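Visitor: Next up is a structure, given as structure tokens.
We did not get these values from a lab; they are worked out from the coordinates using the rules stated. Values in this document were obtained by computation on a predicted structure and should not be read as measured data. Heads up, the Cβs are rebuilt from the backbone with ideal geometry, glycines too, and the neighbour counts pull from every protein chain shown.
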Amino acid sequence: MSETAIELKGIDKRFGLVHANKNINLSVRKGTIHGIIGENGAGKSTLMSILYGFYQADSGDIFVDGKKTVIRDPNTAIAAGIGMVHQHFMLVENFTVLENVMLGVEDSQILTAGIAKARQELKRLEHEYELEVDPDAIIEELPVGLQQRVEILKALYRGAEILILDEPTGVLTPAEADHLFRILEQLKAQGKTILLITHKLREIMAVTDEVSVMRRGEMVATRTTAETSVEELAELMVGRRVLLRVDKGPASPGEVLFSVENLTVRDSRGVDMVKDVSFELRAGEIVGIAGVAGNGQSELLQAITGIRRAVRGKVLLQGEPIHVTGKADAAELRQRGLAHVPEDRQHMGLVLKFDESENSILGYHWDPKYLNGVFLNIEAIRKDAAAKIEKYDIRPPNPRLKTANFSGGNQQKIVLAREMERDPAVLIIGQPTRGVDVGAIEFIHKRIIEMRDAGKAVLLVSVELDEIRSLSDRVLVMFDGRIVGERSPETGEGELGLLMAGVEDVREAAE
Amino acid sequence: MSAPYAKLPAWVDYGLIPLINLAVAFLVAGLVVLAVGQSPLRAASLLIEGAFGYGEGIGFTLYYATNFIFTGLAVAVAFHCGLFNIGGEGQAYVAGLGVVLPCLWLDQFAPWYVIFPVAILGSALVGASWALIPGWLQAKRGSHVVITTIMFNFIASSLMVYVLVDVLKPAGSMAPQTRKFAESGQLPRLDWLLSPFGLDIGGAPFNLSFLLALVMAFVVWVVIWRTRLGYEIRTMGHSPTAAAYAGIREHRIIIITMMMSGALAGMMALNPIMGDQHSMQLDFVGGAGFVGIAVALMGRSHPAGIIPAAILFGVLYQGGAEISFEMPEISRDMITIIQGLVILFAGALENMFRPAITTFFATLGAARAARPQPAAE
């Protein structure tokens with residue numbers, strides 16, 4: 001069984017300034033389940049998109065079954081026997097299972113003959129791999145787990161020998177996930193090769209034969225699953241680097257400025273993303289929320305800052321309630337002293353087509369000091385922007401430059417300057433240094449500590465564990481919408497990593 | 001390997017690209033003229049001559065342009081909020097009521113300068129109300145304004161037929177139109193504006209509403225770029241998520257924007273009713289609401305672009321009429337084809353030549369940057 005199904009050599013891919021894949025080498029043995037693990041943004045999805053032909057690598061070669069293969073688009077990938085099950089299903093919701101499976105491979109313009117053939121073939125596949133689905137069911141009426149099965153059937157129907165599953169359990173219940181893993185075992189037993197992309201360590205340990213770890217665009221290690229441990233993988237995934245030196249005195253927490261009680265937030269699909277979360281922030285402390293991206297942090301941030309409506313929960317800002325379930329809006333909360341540096345500065349924190357000065361008032365444009373009655377006081381706005389540019393060393397120092405033309409770090413400084421210079425009581429910060437150059441990181445960290453020392457309550461959400469550990473005075477770990485533990489920032493990376501991966505009893509697992 | 005990225009100089013963005021688009025449109029139009037066995041050169045010279053060659057022609061060109069400035073501004077305001085108001089036609093049509101009712105009511109005892117402000121207000125209010133319903137449906141119910149505004153064009157059309165035939169038509173008349181207004185229901189012509197250039201507008205209905213259109217263009221610029229409301233509208237248009245983050249109330253902004261858009265479209269009714277016909281006739285809008293879409297696209301939703309774009313379409317209307325008069329082989333439909341081509345290239349395919357031009361200027365810029373460096377080292 002030592003034949004390789006897929007071999008990647010020197011795959012390199014950039015998107016503008018982002019180096020998504022750096023010289024990736026990977027070899028996947030035939031008839032195995034090979035896990036690829038890494039944090040969000042580590043480059044897993046990019047790599048798989050290259051393999052499936054959505055993107056072209058800038059350099060590097062792909063070998064399928066030992067033969068060098070140029071994969072120009074998904075059709076060539078399918079022809080080479082590669083199938084993909086996407087994180088977000090690519091199904092026509094109001095078609096039947098059968099129609100979806102044969103979509104694009106109908107054989108002829110008249111469907112009758114094709115349908116009969118497809119039905120027969122589907123029956124055979126279902127039988128062979130225990131993938132029972134009613135071929136005449138309408139997709140939108142099927143539960144998510146079955147929809148995923150249809151995706152798998154689709155790939156098999158097209159003759160896939162190598163199956164890529166991108167975060168397949170993200171939308172599944174634990175029982176559905178277990179069933180999926182049984183199906184994967186079955187496929188493996190039939191000689192198929194499976195590439196499983198995930199950021200959940202437990203899944204890797206449960207089903208894979210081998211596992212490769214990606215971090216920041218690089219393939220950092222490949223291990224045989226049986227010979228590795230959750231700790232080792234967590235360490236490889238997060239990257240054990242020295243803490244960034246942050247000069248920080250001890251915190252002197254004061255009164256509670258912000259408290260959250262039993263907050264539950266639902267997303268548009270009706271899935272609870274934040275489940276019964278409670279915590280409080282005191283004056284003069286930084287509370288960090290650690291967690292793998294996608295575990296409800298974004299929804300939590302949006303709910304407590306008035307952007308997204310919560311299902312239930314009680315939130316107090318300086319002792320006064322915020323109507324998080326009703327019509328709290330971000331403008332009102334800002335007037336009451338809540339500043340928010342959003343996770344997604346490009347879509348939320350800034351309007352990239354605005355000039356710098358226009359962005360320097362976003363969210364505070366109601367403030368009389370920027371207005372002359374109903375008119376904008378352009379002069380005051382530009383002057384104010386220029387002062388912030390100076391204080392935060394934003395480059396180039398031009399308030400009239402379009403925001404899209406600033407670098408990531410300087411864009412982030414525009415947001416920070418806007419939010420911090422308002423002298424808020426509570427500062428909510430999401431991903432303060434995502435996509436920010438090293439020089440700016442240090443500056444941003446320093447400013448956050450200064451805010452704390454000035455007696456502000458700071459909530460820091462970041463997927464960078466280092467950042468959480470070096471800045472926070474208390475660390476809350478979020479997994480699957482819940483706060484699963486509170487630790488001191490000195491807690492070992494391994495232990496935090498396990499909590500983040502949803503291993504509940506950390507001490508037990510560590511033994 | 002990807003196309004080098006560079007910001008285009010403003011003169012290319014706002015000058016060269018529209019000109020290239022226009023040139024291509026005329027080139028293709030020329031081929032169409034050639035295909036029916038006529039001389040494109042003669043047609044072109046007739047077009048220019050008809051639109052600019054003499055006072056009356058210019059008067060007509062600017063008369064048409066007035067309509068298009070109003071409707072172009074209407075579409076542009078909605079664009080800034082990310083809304084596509086294609087109901088300008090219906091909004092202007094219904095807004096005719098806001099013009100015609102004050103005229104019919106007041107023309108016996110008030111001078112034009114009393115009636116005009118009332119009619120401005122009336123047309124804006126009726127136009128805004130007609131746009132309010134789609135705006136409200138979009139904001140509160142998520143019904144797409146493209147669909148609802150189109151529907152409202154049809155509703156407006158039927159409603160106005162009813163009003164003209166059954167309500168406003170003078171007894172005994174056979175034509176579905178209101179009675180002619182007295183002198184005081186008619187806007188003064190702007191012959192004094194062109195006479196210093198030795199031009200006589202003759203019978204052209206070039207009237208005061210042209211100046212109102214220019215004033216509204218300035219007002220739109222102020223509102224969009226210099227007020228808090230405009231700031232909120234632009235934030236919504238560029239990024240609804242950023243607007244939510246900033247606490248901008250989406251529903252409110254959508255409704256207000258649609259009403260502003262409808263008001264501008266509505267004001268267009270002043271020009272044909274008070275400025276030209278001095279009565280309200282069936283289908284007096286005549287497609288100006290739709291031309292407004294092309295004008296806004298071509299003018300990049302900026303008043304400074306909309307005015308020249310509106311004048312260009314005025315040229316096509318007036319010069320086109322001239323062509324079909326002088327060259328009977330080129331029918332009125334042919335003119336519509338040429339106008340359609342301009343809309344196609346200048347509006348819908350606005351970005352067709354942009355990538356190539358961007359690449360060209362980026363390469364040029366790169367070459368220029370590379371040149372001064374000495375080869376040594």
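Visitor: 222 nm [θ] for the protein assembly as shown, helices only, -39500 (n - 2.57) per DSSP H run of 4+, per residue, to 500?
Guide: -14500 deg cm²/dmol
Visitor: Please report the relative contact order for segment A:4-238, taking Cα pairs under 8 Å with a sequence separation of at least 6, and give it as a percent rounded to a whole number.
Guide: So the answer I get is 29 percent.
Visitor: Note down the nm distance, to one decimal, between modelled labels 7 Å out along Cα→Cβ at residue A:70 and at residue B:283.
Guide: In this crude spin-label approximation the distance works out to 5.7 nm.
Visitor: In segment B:285-315, which residues have a backbone nitrogen under 19 Å from the label point lying 7 Å from residue B:351's Cα in the Cα-to-Cβ direction?
Guide: B:293-302
Visitor: Across peptide A:220-233, how many C-beta atoms of other chains are within 10 Å of each residue C-beta, on average?
Guide: For this peptide, the per-residue mean of nearby foreign Cβ atoms is 0.
Visitor: Give me a single rounded figure for A:343-354: the average over its residues of other chain Cβ atoms within 10 Å of their Cβ.
Guide: Other-chain Cβ atoms within 10 Å of each residue's Cβ, averaged: 5.
Visitor: Report the paramagnetic label zone for residue B:193: residues of segment B:208-235 whose backbone N is under 16 Å from a point 7 Å from Cα along the Cα-to-Cβ axis.
Guide: Within reach of a label on residue B:193, which here means backbone N under 16 Å from a point 7 Å along Cα→Cβ, segment B:208-235 contributes B:208-219.
Visitor: Using the count of nearby Cβ atoms within 10 Å as a rough guide to exposure, how do A:89, B:70 rank from fewest to most?
Guide: A:89, B:70
Visitor: Along the Cα→Cβ direction, 7 angstrom out, place labels at residue B:45 and residue A:442. What is the inter-label distance in nm?
Guide: Spacing of the two 7 Å Cα→Cβ label points: 7.4 nm.
Visitor: What whole-number distance in Å separates the alpha-carbon centres of segment A:55-74 and segment B:176-243?
Guide: 60 Å
Visitor: Still on this structure: Give me the percent of Cα-Cα pairs in chain A that sit more than 42 Å apart, rounded to a whole number.
Guide: 27 percent
Visitor: Would you tell me the mean number of C-beta atoms belonging to other protein chains that fall within 10 Å of each C-beta in B:225-238, as a whole number?
Guide: The mean count of partner-chain Cβ atoms within 10 Å per residue comes to 5.
Visitor: Any idea how far apart residue B:332 and residue A:391 come out in nm if each label point goes 7 Å out from Cα toward Cβ?
Guide: The modelled label-to-label distance comes out at 6.7 nm.
Visitor: What Kirkwood radius, in Å to one decimal, follows from the Cα pairs of the protein assembly as shown?
Guide: Averaging 1/r across every pair of different Cα atoms and inverting gives 31.8 Å.
Visitor: So, by mean Cβ neighbours within 10 angstrom, what's the order for B:57-65, A:449-457, A:480-488, B:87-95 with the highest one leading?
Guide: B:87-95, B:57-65, A:449-457, A:480-488
Visitor: What FRET efficiency do you get for residue A:140 and residue A:182 if R0 is 35 Å and r is their Cβ-Cβ distance, rounded to the nearest 0.05?
Guide: 0.85
Visitor: With an 8 Å cut-off on Cα pairs and a minimum separation of 6 or more residues, tell me the relative contact order of chain A in percent.
Guide: Across chain A, relative contact order equals 15 percent.
Visitor: To the nearest 0.05, how large is the calculated FRET efficiency for residue A:116 and residue A:327 if R₀ is 41 Å and r is the Cβ-Cβ distance?
Guide: Here the calculated transfer efficiency is 0.15.
Visitor: Hey, how many Å between the Cα centroid of segment B:95-137 and the Cα centroid of segment A:430-496?
Guide: 60 Å
Visitor: Next up: Largest first, please: the extent of the C-alpha atoms of segment A:256-510 along each principal axis, to the nearest Å.
Guide: Here the Cα extents, ordered largest to smallest, are 62, 40, 35 Å.
Visitor: How far, in nm, would the chain grow between residue A:400 and residue A:93 when pulled straight, counting 0.36 nm per residue and subtracting the alpha carbon separation?
Guide: Stretched out fully, the residue A:400 to residue A:93 stretch lengthens by 105.8 nm.
Visitor: Could you order peptides A:368-375, B:24-31 by the average number of other Cβ atoms within 10 Å of their residues, highest first?
Guide: Averaged packing, sorted descending, gives the order B:24-31, A:368-375.
Visitor: List the relative contact order of chain B as a percent without decimals, with contacts defined as Cα pairs under 8 Å and 6+ residues apart.
Guide: 35 percent
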